[in-house]
Amino acid sequence: MTPINDTRKETVWSIPFIMIFAVNIFNSMGFHILTPILPMYAVELQLGNSVAGMLGTMFAITSVASRIALTQVNLTGRYRKAIVLALALIAASMFGFSISHTAASLYLFRLIQGVGWGICTAALATLAALTLPPSKIGAGIGMFGLGSVFGQALAPNLGLTLVEKVGFPSTFRISMGMLLISVVLCLCLKNIENIDSTSKQSIRKKTGFKDMDWSPVFPTLFIMISMMPASAVSSFIALTAAERGVANIGLFFTVNAFTLLFARPFFGRLSDRIDPWVLLIPSLFLFGAVLVALRFAGSLIVFLIIALFYALSYGSINPTTQAWSVRSVEKAQIGMAQIIFYTGLDIGSGIGSYFAGLIADRAGYSDIYLWMLIPVAIELIMLIGYSIMKRKQTTT
């Protein structure tokens, strides 16, 4: 048994974790500038809402494909090289967007971006998880997610402001610069590849798809369905606000992200102590209420209040399901579990963005949010059924 004093000395904030956290911040900053402006750019080029939605789907296709390819590659000892390559691809795609004027070129560079993002997120998350003590998995994953939250807090509003000041092409190039900063930071990860040297042999033996422990499938399916409405909100909230005459909607992303600064670590720590479905069921009810409210929101203050509750709902769902996924496997399988988790996340994002674009073309932006109640209802049924099954297992 681990001595009490040793347990108390366990910390999330080791030097390797801090370095990974810093890389994640700048990667997120460069990437999330695109969240509100890429669909707007497609509309600006008169390519239509369907193209705007399809950009999310094209991104998901290569992101998922790159992660599936990773299941057949042993990255032990080569995480830094994989991350540097992936960040370079994302940076190149940003430059590509700045010179794109057709749907075909936007699709091409979105596909390239998807490859980079698929590799980068899986490799970074795996490194972060491997630095964490077992008793701090939920808290650590919640903290790691804050790197993305810092980007979400600043980048979308910054992107909207930059578009107004300097236009789309220059904004894409500024984003590229942020990603190049993350490449430089990543070069400081030299010695982190060997962080898990004690179990390296075990990891090498279990890197193939055929060896995967499929325990993370349920939490992955859950986050996949959750991302459908979440991606619809992030992709079309700016266009929805513009249609309703609401200015400064970039503040929606800022309020959402700063709320996540508190929500993610809080719910991450909470998930270390209680069953995941106890957190997720009330979060889903709140998520559904947020979608209904977005259907009728007509002023900036209402949008900002909604952003607060949106962060509280999704801020619980994401770290709770990710920690659930990591805990469901042995340490040698953490990398594979993260690949599967992020694959589900990207599939859900692509499906949600695509169908939201179709709904926008046929029924308008407002109806997107009511249609996205369907995935939330499916999740509630799944989760309630799962919790009942688990309760029966513990009583028999």
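Subtracting the Cα-Cα distance from 0.36 nm times the residue separation, let me have the gained length for R244 to S387 in nm, one decimal.
Numbers: separation 143, 0.36 × 143 = 51.48 nm, distance 4.08 nm.
Fully extending the segment from R244 to S387 adds 47.4 nm.
Between helix 34-44 and the chain, what is the angle of the helix's C-alpha long axis to the longest principal axis, kept within 0 to 90° and rounded to the nearest 10?
Roughly 30 degrees, rounded to the nearest 10.
Hey, with R₀ at 25 Å, roughly what FRET efficiency would C188 and T11 work out to, going by the Cβ-Cβ distance, to 0.05?
0.80
Express the accessible area of the chain per residue in Å², computed with a 1.4 Å probe while the remaining protein chains stay in the model.
Working: 15920 Å² over 396 residues.
Ligands and nucleic acids excluded, the result is 40 Å² per residue.
Using a 1.4 Å probe on the protein heavy atoms, what percent of the accessible area of the chain belongs to carbon and sulfur? Mind showing how you got there, number by number?
Details: 10720 of 15920 Å².
Answer for the chain is 67 percent, counting heavy atoms of protein chains only.
At R362 and V278, where each label point lies 7 Å from the Cα along Cα→Cβ, what is the point-to-point distance in nanometres?
4.2 nm
Can you compute the modelled spin-label distance between F262 and A103, with each label point 7 Å from Cα toward Cβ, in nm?
The answer from the label model is 4.5 nm.
Which label belongs to the value computed from this structure, given these candidates for volume of the Cα convex hull per residue in Å³: (i) 253; (ii) 130; (iii) 140?
(ii)
Determine ³J(HN,Hα), in whole Hz, for all residues of region 158-175 in sequence, where each value follows from phi through the Karplus function 6.51 cos²θ - 1.76 cosθ + 1.60 and θ = phi - 60°; x replaces Gly and Pro.
4, x, 5, 5, 5, 4, 5, 8, 10, x, 5, x, 5, 5, 4, 6, 5, 4
Okay, helix-only estimate at 222 nm for the chain: each DSSP H run of n ≥ 4 adds -39500 (n - 2.57), divide by all residues, round to 500 deg cm²/dmol; what do you get? Write down the numbers at each step before the final one.
On the way: 16 runs with 317 residues, N = 396.
Taking each H run of at least 4 residues, the total per residue is -27500 deg cm²/dmol.
By its C-alpha gyration tensor, with a ≥ b ≥ c as the square roots of the eigenvalues, how is region 310-396 shaped: rounded for a/c under 1.5, else prolate for a/b larger than b/c, else oblate? Spell out each step's value before the answer.
Details: a/c = 2.73, a/b = 1.59, b/c = 1.72.
Because a/c hits 1.5 or more and a/b fails to exceed b/c, region 310-396 counts as oblate.
Give the peptides 292-305, 51-64 in descending order of average Cβ contacts within 10 Å, highest first.
Working: 292-305: 16.0, 51-64: 24.1.
Highest mean packing first, the order is 51-64, 292-305.
Say a paramagnetic label sat at a point 7 Å from the Cα of L370, along Cα to Cβ; which residues of region 268-295 have their backbone N under 19 Å from it?
Within reach of a label on L370, which here means backbone N under 19 Å from a point 7 Å along Cα→Cβ, region 268-295 contributes 287-295.
Quickly rank 273-285, 139-151, 232-244 as a protection proxy: mean count of other C-beta atoms within 10 Å, highest first. Write out the running numbers ahead of the final one.
Details: 273-285: 16.7, 139-151: 24.8, 232-244: 22.6.
Ranked by mean Cβ neighbours within 10 Å, highest first: 139-151, 232-244, 273-285.
With a/c under 1.5 counting as rounded, go ahead and sort region 246-337 into rounded, prolate or oblate using the C-alpha gyration tensor (a ≥ b ≥ c being the square roots of the eigenvalues; past the cut-off, prolate if a/b is larger than b/c, else oblate). Working shown, then result.
Values: a/c = 2.87, a/b = 2.23, b/c = 1.29.
Prolate, because a/c is 1.5 or more and a/b exceeds b/c.
The values are calculated or read from the model by the stated rules, or taken from the named source; none is laboratory data. Quick caveat: nothing in here was measured; it's all calculated off a predicted structure. FYI the Cβ positions are ideal-geometry reconstructions off the backbone, even for glycines, and counts take in every protein chain you see. Heads up: the accessible areas ignore ligands, DNA and RNA and are worked out on the full protein's heavy atoms, side chains in. Shrake-Rupley method; radii C 1.70, N 1.55, O 1.52, S 1.80 Å.
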